[in-house]
Amino acid sequence: MDAISVENLSKIFNKKIVALDDVNFKVKNGEVFGFLGPNGAGKTTTIKVLTTLLRPTKGKVNVAGFDVIKEPDAVRSSIGIVPQSLTLDDDLKGITNLLLSAKLYHVPDKLAKERAEQLLDMVNLKDAIDRKVETYSGGMRKRLELIVGLIHEPKILFLDEPTLGLDIQTRSVIWKYLKNLNKEKKLTIFITTHYLEEADYLCDRIGIIDKGKIMVVDSPSRLKDELGGDIINIKINGEYSEIIESLKQLNHVKKIDIVNQNLRIKVEKGENALPSILEFINSKGIVVTSVSLAKASLDQVFLKYTGKSLRDAESDKADRFKMYFTRRSRTR
Amino acid sequence: MITETWVLTKRELEKWYKVPALIFAALIQPIVWITFFGNSFNPTKLISLDNFVIPANIPPELSEALSEFFASAGNLILEQSFQGAPNYLTYLTGGVLSTLILFSSAFSGGSIIWDRRFGFLDKLLVAPIPRSSIYFAKVLSTVIKALIQCSLVFLIAIVIPTGLILAEFNLTVILVLFLSLFMLAAGFSCLFVAISLRMKKWETLIAIANLVNLPLLFASGALFPIAFMPNWLQTIARLNPITYSADLTRTLFITGEITSNVIFDFQVLTAFSVTLIILGSFVARYGLVE
């Protein structure tokens, strides 16, 4: 049985703004599923529908085997959520936040305390747990937020931009936790992100959404393969025309274009192809003045399906996040 | 439902009692009403012999009668217009307690706006708990806070010099008193939390609270007998639950007995709170969304 199944899901706001347009996808049990898309593509709307915060306008959505409209409470009991915005109560201690959440999910007190111990060990928060959350750093908040989402041992964990605005060390620590949870507890993880390293490292499969429509769903490696390989850029002293035809005969080489007076060669396995290509050009007595190799990346996959670079989308978002934080600190 | 409501109520109370300054700040206003206003506005001094000189040329019997009248006029006013209260402060305190409840209830929706703003509400909305438990936790915590504040103000009113003078009373009276204040607080909090359910800005709530607070205070029997008011204002005051709560509270203070008036006031307050609780649970079920 699938952990999540979405069929013909549409969400229309105020009868005219189409946020989701006939979305279909499935997430298997025990899988890490990445959900990627530019800002405003419909990622958050999808998560809100999956987590019962929004009712779909049309379509059938099953989460953990339950219908989100007919059995919202069964869905809610089966899922854990680490939202994008911070949802901890700053005025309360870390441990109070954690145990409060356990109570809301009807975890018996004794069991909650045991689990809290383990989870706090896992994310290394034991020392800070008796302090008010308002004294926490961004990384500590996120780690606490993560275990608050896990205290009732959900079957599916939803993470909305879990590492946004965190430094690179904290980010990799959180990736490690997630990877372990997925492996050891067979936890199904649904994650939205703007970081392609994150999607590449964590996800078994990713779905790319743009303007409310699913563009593609597949594993990161297959998507990269579909790009048709890596790209080698070569600049030479001399005429290109002499060598293009003979280059095309080489192994690995799939396609050659001239872009900005550079040779743009699409190849399979760039690191293997590059030496033989260079050797060939040299043997013709032509001098190579510069070379670069671009490995097929999720960024290029993203670009292909959305017309936007992931990095552009990311910086846009990071700025908004920063703004939110300054606003928040000013209101206190 | 009850467990979840209580868990969330405890959260609100924990945030509250850990900041004692907040609790006492809320007490200042009612205490000022009682000590400054209650002690200064004294109907017995409105008419007194000192302000009038009895002309020397009137017959001695008349002048004697006049001075007798002036000597007792103040008490006559208290007796006839202020339900025989031993002093104005005793008359006023019931009204001040009711007003205190109105003021704290008016801001009860504030915490739901903060929770929405800071994302905590999202966490509650994705938890497997009844929506109404989120709503009633806000209501219940407000009611508890208001009743604790009322008790403190009540104690202060007794302790201060020339303060509240109570008639003899029994346990039933205390129970009726608390139940009535409870119902007034529950009704008003249900109303104001419902108003704030979908509000995104704290400023809107402040504006609404300021808009309704003073009219509800003056168009009620909290400070003066409604018989002093023009007819149209009396009509409004009769629709105002504060009128009944103030009347009930002060009747109990002055007489210490469950009179027919008290029973009627109690019925009105029951109807008021039950209606709003039912309305509130309906609103919470369908209105509390992300």
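The values are calculated or read from the model by the stated rules, or taken from the named source; none is laboratory data. Note that this is a predicted model, so its numbers are computed, not measured. Here the Cβ is made from the backbone with ideal geometry for all residues, glycine too, and neighbour counts use every protein chain on show.
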Could you please give the count of residues in region B:1-39 that are over 27 Å from A:K103 (Cα atoms), touching a Leu at 6+ places or on another chain (Cβ under 7 Å) and within 14 Å of chain A (Cβ to nearest Cβ)?
0
If we scan region A:24-38, do we find a residue that is touching a strand residue (DSSP E or B) at 6+ places or on another chain (Cβ under 9 Å), facing chain B (nearest Cβ under 9 Å) and either crowded, with 17+ Cβ neighbours inside 10 Å or at pLDDT 90 or above (or both)?
no
I'd like the residue in region A:72-92 that is more than 7 Å from chain B (Cβ to nearest Cβ) and part of a helix (DSSP H, G or I) and, out of all such residues, is nearest to A:K142 (Cα to Cα).
A:S78
Just checking: which of the strands (runs of 3 or more DSSP E) contained wholly in region A:219-276 hold 1 or more residues that are in contact with a strand residue (DSSP E or B) (Cβ under 9 Å, 6 or more places away or on another chain), more than 21 Å from A:K304 (Cα to Cα) and not β-branched (V, I, T)?
A:230-237, A:262-267
So is A:A64 in contact with a strand residue (DSSP E or B) (Cβ under 7 Å, 6 or more places away or on another chain), small (G, A, S), farther than 16 Å from A:N8 by Cβ and more than 11 Å from chain B (Cβ to nearest Cβ) or not?
yes
Sole residue being in contact with a His (Cβ under 9 Å, 6 or more places away or on another chain) and touching a residue at least 60 places away in the same chain (Cβ under 8 Å), chosen from A:G42, A:G30, A:G80:
A:G80
Residue among B:R198, B:R250, B:R238 that alone is free of Cβ contacts under 8 Å to residues at least 24 places away in the same chain and basic (K, R):
B:R238
Unmet requirement for B:R285, which otherwise passes all of (1) among the charged types (D, E, K, R); (2) within 14 Å of the chain's Cα centre (by Cα); (3) within 27 Å of B:G109 (Cβ to Cβ)
(2)
Single unsatisfied condition, A:G138 versus (1) within 29 Å of A:S5 (Cβ to Cβ); (2) away from every other protein chain (no Cβ under 14 Å):
(1)
Number of the condition not met by A:A102 [criteria: (1) more than 9 Å from every other protein chain (Cβ to nearest Cβ); (2) in contact with a Pro (Cβ under 6 Å, 6 or more places away or on another chain); (3) not charged (D, E, K, R)]
(2)
Within region A:123-135, the count of residues that are among the basic types (K, R) and within 14 Å of chain B (Cβ to nearest Cβ) comes to 2
Conditions first: (1) more than 28 Å from B:L252 (Cα to Cα); (2) touching a Leu at 6+ places or on another chain (Cβ under 9 Å); (3) more than 14 Å from chain A (Cβ to nearest Cβ). B:A127 passes all but one, so which condition is the exception?
(3)
Out of all the residues in region A:108-122, is one or more away from chain B (no Cβ under 12 Å), over 30 Å from B:W16 (Cβ atoms), surrounded by fewer than 22 Cβ atoms within 10 Å (Cβ to Cβ) and in contact with a helix residue (DSSP H, G or I) (Cβ under 7 Å, 6 or more places away or on another chain)?
yes
Residue under question is B:L97, and the condition is that it be modelled with pLDDT of 80 or more and not in a loop (DSSP other than H, G, I, E, B); does it hold?
yes
Of the residues in region B:247-282, those that are crowded, with 21+ Cβ neighbours inside 10 Å, among the aliphatic types (A, V, I, L, M) and more than 18 Å from B:G84 (Cβ to Cβ) come to B:L269, B:L276
Criterion violated by B:S220 - all others in (1) over 20 Å from B:E79 (Cβ atoms); (2) in a helix (DSSP H, G or I); (3) polar (S, T, N, Q) satisfied:
(2)
What number of residues in region A:214-241 are under 21 Å from A:Y201 (Cα atoms) and of a type in the set (V, I, T)?
2
Set B:A227, B:A284: member being small (G, A, S), more than 29 Å from B:I134 (Cα to Cα), away from every other protein chain (no Cβ under 14 Å) and in contact with a helix residue (DSSP H, G or I) (Cβ under 8 Å, 6 or more places away or on another chain):
B:A227
Can you find even one residue in region A:93-114 that is under 25 Å from B:K18 (Cα atoms) and in contact with a strand residue (DSSP E or B) (Cβ under 7 Å, 6 or more places away or on another chain)?
yes
Are any of the residues in region A:201-211 at pLDDT 80 or above, more than 30 Å from A:N8 (Cβ to Cβ) and surrounded by 12 or more Cβ atoms within 10 Å (Cβ to Cβ)?
yes
Across region B:1-47, the tally of residues that are buried (at least 16 other Cβ atoms within 10 Å of the Cβ), over 30 Å from A:D91 (Cα atoms) and free of Cβ contacts under 8 Å to residues at least 24 places away in the same chain stands at 0
Working only within region B:93-110, note down all residues that are among the small types (G, A, S) and either over 17 Å from B:T9 (Cβ atoms) or crowded, with 21+ Cβ neighbours inside 10 Å (or both).
B:G94, B:G95, B:S98, B:S104, B:S105, B:A106, B:S108, B:G109
Can you find even one residue in region B:118-134 that is among the acidic types (D, E), without any contact (Cβ under 8 Å) to a residue 24 or more places away in the chain, in a helix (DSSP H, G or I) and surrounded by fewer than 24 Cβ atoms within 10 Å (Cβ to Cβ)?
no
Do we have any residue at all in region A:217-231 that's touching a Cys at 6+ places or on another chain (Cβ under 9 Å) and not charged (D, E, K, R)?
yes
Among helices (runs of 4 or more DSSP H) lying entirely in region A:118-205, which contain 3 or more residues that are among the charged types (D, E, K, R) and closer than 25 Å to A:D225 by Cβ?
A:196-202
In region A:43-57, is there at least one residue being more than 14 Å from every other protein chain (Cβ to nearest Cβ), buried (at least 16 other Cβ atoms within 10 Å of the Cβ) and assigned to a strand (DSSP E or B)?
no
Look at B:F169 and say whether it is surrounded by 16 or more Cβ atoms within 10 Å (Cβ to Cβ) and of a type in the set (F, W, Y).
yes
